[in-house]
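Derivation of every value follows stated rules applied to the coordinates shown; laboratory data play no part. Keep in mind the model is a prediction, meaning the values are calculated, not measured. Note that we place each Cβ from the backbone using ideal geometry, even for glycine, and neighbour counts take in every protein chain shown.
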Amino acid sequence: MAHSLSPLCSLSTCKNNKQYYKSFRQNSTLFPVSLGIHISGLAFERLGKRLNRRHAISATAVSNDKVEARSGSFQTNGGALKSKKVMVIGGDGYCGWATALHLSNKGYEVAIVDNMVRRLFDQQLGLDSLTPISSIHNRIRRWKALTGNDIQLYIGDICDFEFLSEAFKSFEPDAAVHFGEQRSAPYSMIDRSRAVFTQHNNVIGTLNVLFAIKEFQEHCHLVKLGTMGEYGTPNIDIEEGYITITHNGRTDTLPYPKQASSFYHLSKVHDSNNIAFTCKAWGIRATDLNQGVVYGVRTDETEMHEELCNRLDYDAVFGTALNRFCVQAAVGHPLTVYGKGGQTRGYLDIRDTVQCVELAIANPAKPGEFRVFNQFTEQFSVNELAALVTNAGKKLGFEVQTISVPNPRVEAEEHYYNAKHTKLVELGLKPHLLSDSLLDSLLNFAIKYKDRVDTKQIMPSVSWKKISAKPKTVAA
Ligand SMILES: NC(=O)c1ccc[n+]([C@@H]2O[C@H](COP(=O)([O-])OP(=O)(O)OC[C@H]3O[C@@H](n4cnc5c(N)ncnc54)[C@H](O)[C@@H]3O)[C@@H](O)[C@H]2O)c1
C-alpha cells in the first residue's frame, strides 16, 4: 500500500529522537553546515557540540531604530520603539511558515524553532507537497533579501529540553506560538510506533515548552494550536472551551467535554489539560486555539516570491479535505468522499490562520488565564465541499466526478454540528469566507502543479480499525 513503510524507515521513540538526526545527516541539502550567521559564546558552543555541528543558528537582532510603528512593536517607557519577540515553534510547517512571515512583516521579531521532522515524514512515506518548497535556509535568506527582516532559526527538537532551554534563554520570547507537533490523524493511526511517536512528540514537546516558560520566561504568552477535533461531534452546540452546567441543582462553568477520535486528537486533549493545569498551578498565560481545517496556500507574504511558497499537501495522510478535493479535481480524479459525506467541521482560509494568531498575540491572556478560542470561520459538510468544488470546476470547463469510498475512520457520518466561534471576531478577525474566486485560484494553483501529483497518494490507506502493533512496510 502506498503509505506503508519499510522497516528501515520505522520510527522509534528513543531519547531525543536521535534517529532523525541520522536521517538528516544523510540529506546534506537540508542541513548545510553553516548559514554564515552566528550566535556567539557558550550557548553556541554547547548547542553546537550537542547537535554535532549539524545545525545552523541565526541570532541577528533587529535594531530598534529600524523598527517602524507597526502592530508588532510597542513603545518603551523611554519612548523608543521595540519589537515584540515571537518564537514560532513549527515555523517550517504549513501554518507556521505563513505565520512566521506574517508576524515578521507586521514588525514582530521572529525566531523559528523546528526540527524539520515534517520533511522527514514525506521522505519516509514517499510523499511530497504539491508545491515545490525551498529549504528553510533559502526561505529565510529570500525573506531577508526581499524585506530586510531577519528571522532567527533554531533547528532542533522541542522534546530535547536542553535544546529548547538554550533557544528560550537566547531569544527571550514575549510570545511562543506552538505549531510544532505531528499533526496528522491518519499518521497517528498507521501503526503502534506512529501512535506512540505522535503522543510522545506532542505531549512531551508541549510539556517542555511549559517548563521552559516557567523556568526562563515567566511573562511569555503561550499561543498553542489545538484543534476543533478535540470536541468530537456532540449532539449539542459546541462552546468556546467552557460550558456552564447545572447538575442536581448546582451550577458550574467547566471545560467543555472532549471526545477525540484518533491518537493525534487525543494528544491535543492531553496538551490542553496540561496547559490548563500549569496556568492554574504556575500562573502561565495561555491561549489554546482550537483550529478548524485549514485550506488555501497563498498569503500576502508567501506570494512575494516563489522561494517563499508554502507547502500544499494533497495525499491521504497529510492532505486536508478542501485542498485535497481541489487537487483531485485538477488531475481528473473523482473527489473522495468518505462514507456518507455528512461529516461537518469548521474550516478557515490560511490567511485567517495568520490573522487569528496575530490577534491572539496582540491581545495576550492574563497571567494564570487559560483562554480557549475556536479558530474557524465557516462550517461545511464533506458533501457541501464536494459540491462547491464540482461547481467551481465546471466554471473552469472541466467535469468533476465524486465517489464515496469506504470510510477509513471511525466517525459519525451524519450528525448535528454547531460550534461557536465569536471570540476571535470580537478581537477583530475579518474572515476571508470561502468564495468562488478563492476556489478558482486554488483550482488554478492545483492545475499549475498537476504534473507533480502522484495519484497513488490520493486514496486512503490507513484504517482506524486495522491499526496494529506490527510496523507497516511498503512496496517501493
Ligand atoms: N493544517 C490544519 O488544517 C490544522 C488544523 C487544525 C489544527 N492544526 C494544528 O496546527 C499546527 C500546525 O499544523 P500544520 O498543518 O502547519 O502542520 P505541519 O506538519 O505542516 O507543521 C508542523 C511543524 O512542526 C515541526 N515539528 C513537529 N514536531 C516537532 C518537534 N518535536 N520539535 C520541533 N519541531 C517540530 C515540523 O517539522 C513541522 O515543520 C499543528 O499543531 C496542528 O495540530 C492544523
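Structure notes:
- Hits in the stretch 186-203 (condition: among the hydrophobic types (A, V, I, L, M, F, W, C), buried (at least 21 other Cβ atoms within 10 Å of the Cβ) and within 12 Å of the ligand (Cβ to nearest atom)): 197
- Cβ pairs under 6 Å, 6+ apart, first in the stretch 255-274 and assigned to a loop (DSSP other than H, G, I, E, B), second within 13 Å of the ligand (Cβ to nearest atom): 258/230; 258/269; 260/230; 260/266; 260/269; 262/185; 262/188
- For the condition part of a helix (DSSP H, G or I) and free of Cβ contacts under 8 Å to residues at least 12 places away in the same chain, residue 440 does not qualify.
- Verdict on residue 284 being within 16 Å of the ligand (Cβ to nearest atom) and hydrophobic (A, V, I, L, M, F, W, C): no
- Matching entry among 341, 283 (being on the phi > 0 side of the Ramachandran plot, surrounded by fewer than 24 Cβ atoms within 10 Å (Cβ to Cβ) and touching a strand residue (DSSP E or B) at 6+ places or on another chain (Cβ under 9 Å)): 341
- Pairs are defined by a Cβ separation below 7 Å, a sequence spacing of at least 6 or placement on different chains, a first member in the stretch 92-112 that is closer than 10 Å to residue 358 by Cβ, and a second member that is within 13 Å of the ligand (Cβ to nearest atom) and assigned to a helix (DSSP H, G or I); the pairs so defined are 99/353; 99/354; 99/357; 102/354.
- Where strands (runs of 3 or more DSSP E) sit wholly within the stretch 359-408, those with at least 2 residues that are within 16 Å of the ligand (Cβ to nearest atom) and in contact with a strand residue (DSSP E or B) (Cβ under 7 Å, 6 or more places away or on another chain) occupy 370-375, 378-381.
- Among the residues of the stretch 114-153, those identified as more than 9 Å from the ligand (Cβ to nearest atom), touching a strand residue (DSSP E or B) at 6+ places or on another chain (Cβ under 9 Å) and not in a helix (DSSP H, G or I) are 149, 150, 151, 152, 153.
- Close pairs (6 angstrom Cβ cut-off, 6 or more residues apart or separate chains): polar (S, T, N, Q) in the stretch 417-430, surrounded by fewer than 13 Cβ atoms within 10 Å (Cβ to Cβ) anywhere: 418/237
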